[in-house]
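Following: one structure in structure tokens, then a few remarks.
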Amino acid sequence: MPELPEVETVRRGIAPAMEGRRFLHVEAKRPDLRFPLPEGFTGRLEGQALESLARRGKYLVGRLTDGALLIMHLGMSGRFVVEMPDTPDRDATRPGAFHLDTGANAHALHEHIIFRMEGGGVVRYSDPRRFGFMTIEETGDERQNQFLRVLGPEPLEKTFKPSVLAAGLHKRKSPIKTALLDQAVVAGLGNIYVCEALFRSGISPKRVAATLVKQSGEPTDRLKKLHKAIREVLAEAIEAGGSSLRDHAQADGSLGYFQHTFRVYDREGMPCTTLGCDTDIRRITQSGRSTFYCGKCQR
């Protein structure tokens with residue numbers, strides 16, 4: 001599933017075609033994705049402008065002219081393909097997707113939603129597995145939405161301090177890896193970047209989360225190091241265009257390249273990258289997810 005850096009890359013890729021522009025025509029080729037589309041979905045959007053397009057955790061959140069929110073989630077295999085007036089060729093697209101075509105126009109076989117925007121841009125959403133979804137929050141209030149109201153702090157915001165992370169982990173008895181995957185603790189984190197951040201900070205994924213917080217609720221030095229690692233690894237991944245694994249790629253066919261800098265993720269049995277460490281990377285299962293770590297460098 002795309003994590004924060006991949007979703008942010010998608011947002012930046014589709015924003016030029018959508019942000020500040022009206023929906024001229026919306027086509028839904030089926031009545032549902034993971035969930036049924038809102039009743040009257042296409043007509044509800046047509047004529048409205050997407051005043052802004054933001055990211056909240058792993059969600060794309062667009063604000064319409066009348067204040068309502070268009071909420072979109074990519075699921076496992078969702079992708080957007082952007083066609084601009086200066087790139088009429090269907091395959092000449094711009095970044096904004098994370099599912100690699102397996103042949104010419106292969107995404108068209110699973111194309112479900114088409115947005116035709118003011119200015120000539122066309123944004124096509126395809127999703128082979130249909131785990132993604134789109135909905136509209138009519139109140140315009142994220143706090144009223146069942147998906148957004150449960151999200152924790154944004155890890156790249158200035159307000160995300162070590163003390164904020166400490167508050168989310170205080171008294172939690174679960175392993176730190178499991179705790180960080182809880183979207184109520186930190187929004188947008190997923191398996192890849194949690195593994196990488198824990199390695200950079202030298203913290204075992206099996207360590208009890210609460211042990212990184214003082215009894216007073218203040219962050220320990222180790223938690224401060226983890227906080228820094230989380231922010232750094234996310235920022236670096238966004239700069240790299242995300243991580244392309246298996247069927248993930250950008251809409252123009254190019255790959256994100258952060259996967260080439262992985263230090264532990266998907267490196268089971270390979271040597272630890274820490275200078276002087278003679279240990280191989282291990283893989284264990286935590287809460288049904290694969291965890292990669294160095295048993296010597298991470299304590």
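Figures for the structure shown
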read-out	value
The chain - convex hull of alpha carbons, volume per residue in Å³	131 Å³
For the stretch 162-293, fraction of C-alpha pairs farther apart than 24 Å, in %	30 percent
Set of aspartates and glutamates with alpha-carbon distance to K171 below 19 Å, sequence-local pairs under 8 removed	D182, E218, D221
Residue (of C294, H110, T159) at the positive-pole extreme of the chain, dipole from beta-carbon charges	C294
Dipole in debye (nearest 20) - the chain, about Cα centre, beta carbon charges: Lys, Arg +1; Asp, Glu -1	1620 debye
Free-standing Cys, the chain [no other Cys Cβ under 4.7 Å]	C195
Violating pairs (Cα-Cα greater than 28 angstrom) within the set K58/K214; K158/K296; K161/K206	K58/K214; K158/K296
Cα pair distances exceeding 19 angstrom across the stretch 123-239, given as percent	51 percent
CD proxy at 222 nm, helix term only [per DSSP H run n ≥ 4: -39500 (n - 2.57); per residue of the chain; nearest 500]	-6500 deg cm²/dmol
Cα shape, the stretch 183-236, gyration tensor, a/c 1.5 rule	prolate
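Here, each number is a calculation from the coordinates, and none is a lab measurement. Predicted model only: the values in this text are computed from it and were never measured. Because the Cβ atoms are built from the backbone with ideal geometry, glycine has one as well, and the counts that use them run over all protein chains shown.
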